[in-house]
Amino acid sequence: MKLILFLLAFLPGAALAQTLPALYDVIGVADTDRLNVRAEPSASSEIIGDYPFFQQGIEVTAFNDDTTWARVNYEERTGWISARFLRERSGQGGTATLPTPMSCLGTEPFWFMSIYDDQIEFEDPGADTGMMTFGRYPIIETAISPRGGFASDDMIGFVSREACTDGMTDRTYGFRVDFIRRGNGDDVSFSGCCTIGGFIGN
């Protein structure tokens, strides 16, 4: 099946919050210490985990009102880490581009999607079609749009910068994906969440 896919980028924005989600590295933590992840944006809040002093690529999905705390996904829940120990990774493109690689998932039915610079992968374990589907399709065009988009002979959808929950965990993602795919002769609507930081541990 010949598929043509394209990505559409995001409108540029000036404010810090408009560039989120984004990846950050841990800085300023002693090599004998670890950076705490707390349940709420407060130094007195419960510690739910921690990162090593050398941790890189933490996906920040939001800041509190005074930008002193950063919201992250840690294991199966949302947590907060002190923003003064974080430095934004360079070269992420702000809101002018769709950040890649990006991993997306959805439930009812379960499906998985990975978006790279030059291709997109889609996996459907078979809940809607009765058989597993896996495709790796080239991305051949880019453009500017308020949302990132992809299309093929049997699938079209968009990725938006907005809060999203997966219905299985207490995580809050910063990207939402919606698309329509033909399965069993019908057009089936899918919705899910996406991350640029990976699903496990951060």
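The values are calculated or read from the model by the stated rules, or taken from the named source; none is laboratory data. Since the model is a prediction, treat every value here as computed from it, not as a measurement. FYI the Cβ positions are ideal-geometry reconstructions off the backbone, even for glycines, and counts take in every protein chain you see.
Residues checked against (1) more than 19 Å from the chain's Cα centre (by Cα); (2) at pLDDT below 70; (3) in the same structural domain as Arg182 (by TED's automatic domain parsing):
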| residue | (1), (2), (3) |
| --- | --- |
| Thr107 | no, no, yes |
| Trp111 | no, no, yes |
| Ile115 | no, no, yes |
| Glu123 | no, no, yes |
| Asp128 | yes, yes, yes |
| Tyr137 | yes, yes, yes |
| Arg147 | no, yes, yes |
| Asp153 | yes, yes, yes |
| Gly157 | no, no, yes |
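For Met168, indicate whether it is modelled with pLDDT under 80, closer than 16 Å to Phe110 by Cα and part of a loop (DSSP other than H, G, I, E, B). Even if it seems obvious, please write down each step before you answer.
Details: modelled with pLDDT under 80: no; closer than 16 Å to Phe110 by Cα: yes; part of a loop (DSSP other than H, G, I, E, B): yes.
In short, no.
Look through Ala30, Ala17 and report the one residue that is modelled with pLDDT under 95, among the small types (Gly, Ala, Ser), over 24 Å from Met168 (Cβ atoms) and in contact with a Phe, Trp or Tyr (Cβ under 8 Å, 6 or more places away or on another chain). Sole residue among the options that is modelled with pLDDT under 95, among the small types (Gly, Ala, Ser), over 24 Å from Met168 (Cβ atoms) and in contact with a Phe, Trp or Tyr (Cβ under 8 Å, 6 or more places away or on another chain): Ala17. Taking region 22-66 as the range and being surrounded by 12 or more Cβ atoms within 10 Å (Cβ to Cβ) and hydroxyl-bearing (Ser, Thr, Tyr) as the test, the residues that pass are Tyr24, Ser42, Ser45, Tyr51, Thr61.
The requirement of being of a type in the set (Val, Ile, Thr) and modelled with pLDDT under 80 is fulfilled somewhere in region 89-98, by at least one residue.
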